[in-house]
Each structure stands twice: as C-alpha cells, then as structure tokens.
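Just so you know, all these numbers are worked out from the coordinates, no wet-lab data involved. Only a predicted model underlies this, so the values are computations on that prediction, with no experimental measurement involved. Virtual Cβ from ideal backbone geometry, glycine too; neighbours counted across all protein chains shown.
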Amino acid sequence: MGVDVRAELGAFDPELPIERAWTPPSSWYTAPELFELERRAVFGRTWHPVARLADLAQPGAYSAGCLFGEPYVVLRDQTGELRAFHNTCRHKGREVVQGTGRADELVCGYHAWTYGLDGRLSSAPRMAGIEAFERGQMSLRPLAVEAFGPWAFLNLDVDAARGAPLAAGCPELASRLEETSWASLTYIESTTWDIGCNWKVYVDNYLDGGYHIPHMHPSLDAQLDMSTYRTEVFERSSIQTSDPAPEPDAGVGFDARARIGTGAIYAWLWPNFMLNRYGPCLDSNYVVPLGPDHCRVVYDFFFEGTGEDAQRFAAESIAQSAVTQQEDIAICESVQRGLRSQGYDRGRYAPRVEQGEHHFHRLLAAALRAGLG
C-alpha cells in the first residue's frame, strides 16, 4: 500500500519553534513516493559537486558523468571559462563523451557530430539534403555550473540556479571557509561508502549538534572540547564548530591539537553536502541518495603539504576518519531499521543542540511542498 504524500507532508509543521516541534514522520525516510518526490523537488533543483577544479585546470579538460539520471559534461573552454552541458548528442541522444580527458572539441562516437567547447555544433557529417536544418539550434544544451572551493558544482535546473546561485546563497559559509584558505589544499584521495539508510538519516546524524559524539565516537570525543560545541544556522547552510580538547587523551595516542588545530568547522550545505575543516585537513561528505533505504557517501580528502611527514599525517588522519565513519554507518543503519518499526513514527528535538537538524527539515518541507504543488 502506498502512502498519501500530501498527508505525510502535513504531519510536519515547519512553523513550530524547535521547542514545540515534532520531527518528520518515519514515512519521509521509508516511502518510495517521498523518495521520488525528492528526486524532482530537491535534487533536480539544487547544487551538486561533480568534479574537482584541479582536474579541469587546462583548456579542453572535461569530466563527464550522470547526475540523477541526467548525463552531463563539465569542461574548461579555450578562454578558461568553466562550462557545463547536457552530455547528449542532438542527433540521436548518445552521450557525446565519457569519463575524463582533454579535447579541443567534443566528438560524438556514434556518427561523429562535433561540438566546440562552447557547445556549438560545428560539424554534422552526411546531412546533405536535410531540409529546415538550423545548425545554431542544434547546440548542446547548457547546464548551470559554478566553482565553489576546490569543486565544480552543477544544478540541473538552470532557472532554479539563476534564482539561487551557489556561493551567493551561502555567503557566511563561503566567507568562513575562505578564511581558512580551503581552496589551496592538495587533494589526496577519495573513499566511497555504501550505507543501508535513507540519505536524510545520514544528514540528520551529521546535524545533531554533536549530541551523539560523546556516546558513539570515543576517539573523536577525545579530540574535541564538547563544552565549546556550537551550531549556527543560515539560509541554506549551517556551521558547527568546536575547540580542540584542552589536554591530550591517552586513549587516542596523539595530541588532538595536531589534527584539530585551533578548532574544527563542520559545515553543511543544503541539501546533502558536508565539509569538515580542521587543522591542516579538509574532508568532504557528499551523500548520494540511491533509494528510500540506501545511500552512498563519497569522501574527498585534502591536506596541506606534500612532503613525507605530510603524507604520513594524511594517512593517519584518513584512517581516523574511517573509524568515525564506521561508527556513523552503524548508527545510521540501526536508525533506518528503527524507522521501519511499528513502535516509532515521530520524535522530538533537543532544542539546545539539534537546531541544524530542525533547520534542514524546514528547508526540506518547503521544497517538497513546492514540488508537490
């Protein structure tokens, strides 16, 4: 039996203050109907990281992929401008290019239709005799693209992107991260984790204001001064911060200040992108929804320095991140099982710590109701 989507959306009141609010019902995390609405109303109208700018530094460099079923290519043209297009040949629909590479023009492997790096059709072999063919109307269709930190972000809805440009929509977050010179760090590696939970379970866990850290992350708890943990909420983002632990903890085997530095920044960007900036490190968590009870988290790791000591530190830090991630996976998969229980439907917020989670749910409710019309 399906769910009444409108009724389930109405079960959450975004106007209530956090002290009086109930969390969204469990159907938001389990029902296929809600998941399909999210695909259209949320992910089809928001910004997503699709490539690292370092891989697009040279003119002609491109990266192709598929974002929520939509083939795309993002590239650097001859003038240095970042561009993106629907990666679909205007002849028969084949993907024009695949993977990553560098090219002076984009040539479809099916019938050799050729496009410039500005997307314009430059060659369409053996089309002699066709009538009412306007070459200018057969260009690759553009997508909204924007550089943010070390990534290129795409928005599948060009009109939505015009109304909500990425950096302009989160000035507080952009400013805070620019103060840390985050865009100058060196990319080291990526890790991917498949998790048996709804994507929102993972985001909720991230945004609970450190509520679960003392109980579920003993090694991370030993590195942070939880008495200084704070959450700031902005229009389309939130920032959690913490000072490092004041004294070394024998339980982690190193001085937390070596890894955390002067403090940690845990930043969330609507709807599913997270940045962890601390000491000489930057980790990103991009949560890809795969189904009502399945998601994938893509970690990118960036660090300062490239010498032997820096490489050793990076390896140790990545290993420590994996410990925390494994703990989070156990949490999230257990929550997903609980959300399917007949003994649970809705919960309450801890007002002093879960402001970021409440803010996320309010943004989600607005997007889903707008998508439902």
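Return a whole-number percent for the relative contact order of segment 275-373, with Cα pairs under 8 Å and 6 or more residues apart as the contact set.
On the way: 52 pairs, mean separation 13.0, N = 99.
That works out to 13 percent.
Select from segment 17-106 those GluC sites (Glu not before Pro) which occupy a DSSP coil region and have at most 10 other Cβ atoms within 10 Å, ordered by residue number.
Details: sites: Glu19, Glu33, Glu36, Glu38, Glu81, Glu95, Glu105; in loops: Glu19, Glu81, Glu95, Glu105.
Those that pass, being in a loop and sparsely packed, are Glu19.
Hey, in the GNM for the chain with a 10 angstrom Cα cutoff, which one of Gly210, Gly80, Gly343 fluctuates hardest?
So, out of Gly210, Gly80, Gly343, the one fluctuating most is Gly343.
Just to verify a number: FRET efficiency for Asp4 and Ala350, C-beta to C-beta distance, R0 = 25 Å, to 0.05? Don't skip to the answer; put the middle values down first.
On the way: r = 30 Å, r/R0 = 1.19.
My answer for the efficiency is 0.25.
Considering only Pro125, Pro271, Pro24, give the residue with the highest GNM mean-square fluctuation for the chain, with springs between Cα atoms whenever their separation is below 10 Å.
Looking only at Pro125, Pro271, Pro24, the largest GNM fluctuation is found for Pro125.
Please give, to one decimal in nm, the separation of the simple spin-label points placed at Gln137 and Glu304, each 7 Å out from Cα toward the Cβ.
It works out to 5.7 nm between the two label points.
Which listed residue (Ala168, Ala7, Val297) has the Cα farthest towards the positive end of the charge dipole for the chain, taking +1 on Lys and Arg C-beta and -1 on Asp and Glu C-beta about the Cα centre?
Positive-most Cα among the choices belongs to Ala7.
So what is the relative contact order of segment 170-344, in percent, for Cα pairs below 8 Å that sit 6 or more residues apart?
This gives 28 percent for segment 170-344.
Note the direction-averaged projected area, equal to a quarter of the hull surface, for the Cα convex hull of the chain, in nm². Walk me through the numbers before you get to the answer.
Working: hull surface 85.5 nm².
Mean shadow area of the hull around the Cα atoms is 21.4 nm².
Are there trypsin sites (Lys or Arg not before Pro) in segment 43-132 that DSSP puts in a loop and that have at most 14 other Cβ atoms within 10 Å, and which ones? Let's see the in-between values first.
Details: sites: Arg45, Arg52, Arg76, Arg83, Arg90, Lys92, Arg94, Arg102, Arg120, Arg126; in loops: Arg90, Lys92, Arg94, Arg120, Arg126.
Here the sparse-neighbourhood loop sites are Lys92, Arg120, Arg126.
Once you've got the GNM for the chain with C-alpha springs shorter than 10 Å, pick whichever of Thr228, Thr88, Thr241 has the biggest mean-square fluctuation.
It is Thr228.
I need His359, His86 ordered by Cβ neighbour count within 10 Å, fewest first.
Working: His359 22, His86 18.
If I rank by nearby Cβ atoms, fewest first, I get His86, His359.
Once the piece of chain linking Met127 and Ala366 is laid out straight, how much longer is it, given 0.36 nm per residue of separation minus the C-alpha distance between them? Show your work: numbers first, answer last.
Numbers: separation 239, 0.36 × 239 = 86.04 nm, distance 4.82 nm.
Extra length available between Met127 and Ala366 comes to 81.2 nm.
Grab the DSSP H runs of the chain that are 4 residues or longer, score each as -39,500 (n - 2.57), total them, divide by all residues and round the 222 nm result to the nearest 500 deg cm²/dmol.
Numbers: 12 runs with 111 residues, N = 373.
That calculation yields -8500 deg cm²/dmol at 222 nm.
What number, in percent, do you get for the relative contact order of the chain if the mean sequence gap of Cα pairs under 8 Å and at least 6 apart is divided by its residue count? The partial results should precede the final answer.
Numbers: 698 pairs, mean separation 73.1, N = 373.
Relative CO of the chain lands at 20 percent.
Can you sort Cys66, Cys332 from fewest to most other Cβ atoms within 10 Å of each residue's own Cβ?
Details: Cys66 12, Cys332 24.
Fewest-to-most Cβ neighbours within 10 Å comes out as Cys66, Cys332.
Based only on other Cβ atoms within 10 Å, what is the fewest-to-most ordering of Leu75, Leu34?
Numbers: Leu75 27, Leu34 21.
In increasing order of surrounding Cβ atoms, one gets Leu34, Leu75.
Check each of the chymotrypsin sites (Phe, Trp or Tyr not before Pro) in segment 72-150 and keep only those in coil by DSSP with at most 12 other C-beta atoms within 10 angstrom; list them in order. Show your work: numbers first, answer last.
Values: sites: Tyr72, Phe85, Tyr110, Trp113, Tyr115, Phe133, Phe148; in loops: Tyr110, Trp113, Phe133.
Answer by residue number: Phe133.
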